[in-house]
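Novice: Following this message is one structure expressed as structure tokens.
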Amino acid sequence: MPQIPELLLTLGAGAALGLFGGLFGIGGGIIAVPLLALGLGMPQSAAQGTALALMTPNLLMAWWRYHQRLAIDWRDMLAIALPGMLTTWGLAIFATRLDQAVLRIVFGVFLILLALRLLLARRHSDSAGELPLQRRRLPVVGMVGGSSMGLLGIGGSLLATPLLAGWLGQRQARAQGLALALVAPSAAVALATYAQADQVDWRLGLPLAAGGLFTVSAGVTLAHKLPERRMRKAFALVMLATGIWLSTAGLR
């Protein structure tokens, strides 16, 4: 068992990550992985696995709440979730065996690309009519999001939501709900796979998860009171700097 000061510090870090994730609507893993890898010196795969312990309960809770509000068809959820889970499982196994420096560089480059996308992309408008959902295309979206979840432990919803909103013409709320139907079970699969490879530090992961559960809702509430464009730009710049830092650290 961790000492009380260490436990309180970890709970506080989890609360901060939960608040930050809720504030930007982008998930605590993008912040937690660099913090664990660079701040605590954890191997990249262990940092990703431990961050999944923080993310998985939050994602499952968010998915269930979206499902209660939107009543997404279970057939649609299965069409996107099953291919995503299988892809996640295969690439998570690959990630735990990949050279740590290479994995860190890949993670850093991924952050840079996501940051550029946030800086340049326009938010999908809900004013346009929603198109009928083409279920046969959902497995493709599932595999794209699952690839990111398995290899990097993050980013599934950031890839899936634009595809669902732009490519498949779904409203933003529905796109986010379907993306959660992909990433929530995929995160659980990734966590189990990383844990089986002994790449999860539960002493850190469980307190981080507990702390995050208390503050995610507050972050979401705060997000609605702050200017979205400035928040997105600030977060993208932080993510860009972190991605460059991780990439250069992997080259050393």
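Novice: Being hydrophobic (A, V, I, L, M, F, W, C) and part of a helix (DSSP H, G or I) is the filter; apply it to the stretch 145-161 and report the residue that is surrounded by the fewest Cβ atoms within 10 Å (Cβ to Cβ).
Specialist: Initially, the stretch 145-161 is screened for residues hydrophobic (A, V, I, L, M, F, W, C), giving 149, 151-152, 154, 158-160.
From the residues that got through so far, the ones that are part of a helix (DSSP H, G or I) too are 149, 151-152, 158-160.
Working: Met149: 35, Leu151: 23, Leu152: 24, Leu158: 20, Leu159: 22, Ala160: 29.
Ranking the candidates gives Leu158 first.
Novice: Here's a follow-up. Under the condition of being assigned to a helix (DSSP H, G or I) and surrounded by fewer than 24 Cβ atoms within 10 Å (Cβ to Cβ), which residue from the stretch 162-184 is nearest to the chain's Cα centre (by Cα)? Step through it out loud before you land on a result.
Specialist: Our first condition is that a residue be assigned to a helix (DSSP H, G or I); within the stretch 162-184, this holds for 162-167, 172-184.
In the following step, the residues that additionally are surrounded by fewer than 24 Cβ atoms within 10 Å (Cβ to Cβ) were identified as 162-163, 166-167, 172-174, 176.
Numbers: Pro162: 14, Leu163: 16, Gly166: 20, Trp167: 21, Gln172: 17, Ala173: 17, Arg174: 18, Gln176: 12 Å.
By that ranking, first place goes to Gln176.
Novice: Across the stretch 185-227, what is the number of residues that are closer than 30 Å to Arg135 by Cβ and either of a type in the set (Gly, Ala, Ser) or part of a loop (DSSP other than H, G, I, E, B) (or both)? So that I can check it myself, show each step before the final result.
Specialist: Initial filter on the stretch 185-227 (closer than 30 Å to Arg135 by Cβ): 185-193, 220.
Restricting the remaining residues to those that are either of a type in the set (Gly, Ala, Ser) or part of a loop (DSSP other than H, G, I, E, B) (or both) gives 186-188, 190, 192.
Qualifying residue count for the region: 5.
Novice: From the set of residues in the stretch 196-235 that are within 22 Å of Ala51 (Cβ to Cβ) and acidic (Asp, Glu), which is surrounded by the most Cβ atoms within 10 Å (Cβ to Cβ)?
Specialist: Step by step, filter the stretch 196-235, then rank; the result is Asp201.
Novice: May I pose another question? Taking the condition of being among the small types (Gly, Ala, Ser), free of Cβ contacts under 8 Å to residues at least 24 places away in the same chain and either crowded, with 24+ Cβ neighbours inside 10 Å or in a helix (DSSP H, G or I) (or both), how many residues in the stretch 33-51 meet it?
Specialist: Qualifying residue count, the stretch 33-51: 2.
Novice: Sticking with this one: Working carefully through the options Leu78, Leu54, find the one that is of a type in the set (A, V, I, L, M, F, W, C), free of Cβ contacts under 8 Å to residues at least 24 places away in the same chain and in a helix (DSSP H, G or I). Steps first, please.
Specialist: On the way: Leu54 fails: free of Cβ contacts under 8 Å to residues at least 24 places away in the same chain.
Answer to the check: Leu78.
Novice: Next up: Any idea which residue in the stretch 236-252 is surrounded by the fewest Cβ atoms within 10 Å (Cβ to Cβ), counting only those that are touching a Gly at 6+ places or on another chain (Cβ under 9 Å) and modelled with pLDDT under 80?
Specialist: At the first step, the residues of the stretch 236-252 found to be touching a Gly at 6+ places or on another chain (Cβ under 9 Å) are 242-250.
Still in the running and modelled with pLDDT under 80: 249-250.
Working: Ala249: 16, Gly250: 20.
Checking each candidate, the answer is Ala249.
Novice: Is one or more of the residues making up the stretch 63-75 surrounded by fewer than 21 Cβ atoms within 10 Å (Cβ to Cβ), outside any loop (DSSP other than H, G, I, E, B) and touching a Leu at 6+ places or on another chain (Cβ under 6 Å)? First the steps, then the outcome.
Specialist: Looking only at the stretch 63-75, we keep the residues that are surrounded by fewer than 21 Cβ atoms within 10 Å (Cβ to Cβ), and these are 64-75.
When the remaining residues are screened for being outside any loop (DSSP other than H, G, I, E, B), the result is 64-70, 74-75.
Filter again for touching a Leu at 6+ places or on another chain (Cβ under 6 Å), leaving 66.
Within the stretch 63-75, one or more residues are surrounded by fewer than 21 Cβ atoms within 10 Å (Cβ to Cβ), outside any loop (DSSP other than H, G, I, E, B) and touching a Leu at 6+ places or on another chain (Cβ under 6 Å).
Novice: Quick one: in the stretch 76-114, of everything that is closer than 17 Å to Gly155 by Cα and of a type in the set (S, T, N, Q), which residue is surrounded by the most Cβ atoms within 10 Å (Cβ to Cβ)?
Specialist: Thr88
Novice: Is there a residue being in a helix (DSSP H, G or I), closer than 22 Å to Leu178 by Cα, modelled with pLDDT of 95 or more and not hydrophobic (A, V, I, L, M, F, W, C) anywhere in the stretch 90-100?
Specialist: Our first condition is that a residue be in a helix (DSSP H, G or I); within the stretch 90-100, this holds for 90-97, 100.
This time we only want the ones that are closer than 22 Å to Leu178 by Cα, so: 90-92.
Filter again for modelled with pLDDT of 95 or more, leaving 90-92.
In the following step, the residues that additionally are not hydrophobic (A, V, I, L, M, F, W, C) were identified as 90.
Yes, the stretch 90-100 contains a residue that is in a helix (DSSP H, G or I), closer than 22 Å to Leu178 by Cα, modelled with pLDDT of 95 or more and not hydrophobic (A, V, I, L, M, F, W, C).
Novice: Also: Does the stretch 119-132 contain at least one residue that is in a helix (DSSP H, G or I), at pLDDT below 95, out of contact with any Asp or Glu (no Cβ under 6 Å at 6 or more places or on another chain) and not polar (S, T, N, Q)?
Specialist: Step one: filter the stretch 119-132 for residues in a helix (DSSP H, G or I), giving 119-120.
Retained after the next criterion (residues that are at pLDDT below 95): 119-120.
Now restrict to residues that are out of contact with any Asp or Glu (no Cβ under 6 Å at 6 or more places or on another chain): 119-120.
Next, only the ones that are not polar (S, T, N, Q) stay: 119-120.
Yes: one or more hits.
Novice: Evaluate the following for Ile30: is it in a helix (DSSP H, G or I), of a type outside the set (Ser, Thr, Tyr) and crowded, with 19+ Cβ neighbours inside 10 Å?
Specialist: Details: in a helix (DSSP H, G or I): yes; of a type outside the set (Ser, Thr, Tyr): yes; crowded, with 19+ Cβ neighbours inside 10 Å: yes.
Yes: the conditions hold for Ile30.
Novice: I would also like to ask the following. On the basis of being surrounded by 24 or more Cβ atoms within 10 Å (Cβ to Cβ), under 27 Å from Gly49 (Cβ atoms) and in contact with a Ser or Thr (Cβ under 9 Å, 6 or more places away or on another chain), does Ala190 make the cut?
Specialist: Working: surrounded by 24 or more Cβ atoms within 10 Å (Cβ to Cβ): yes; under 27 Å from Gly49 (Cβ atoms): yes; in contact with a Ser or Thr (Cβ under 9 Å, 6 or more places away or on another chain): yes.
It is true that Ala190 is surrounded by 24 or more Cβ atoms within 10 Å (Cβ to Cβ), under 27 Å from Gly49 (Cβ atoms) and in contact with a Ser or Thr (Cβ under 9 Å, 6 or more places away or on another chain).
The values are calculated or read from the model by the stated rules, or taken from the named source; none is laboratory data. Just so you know, these numbers come straight off a predicted model, no measurement behind them. Positions of Cβ are backbone-derived with ideal geometry, glycine not excepted, and every protein chain shown enters the neighbour counts.
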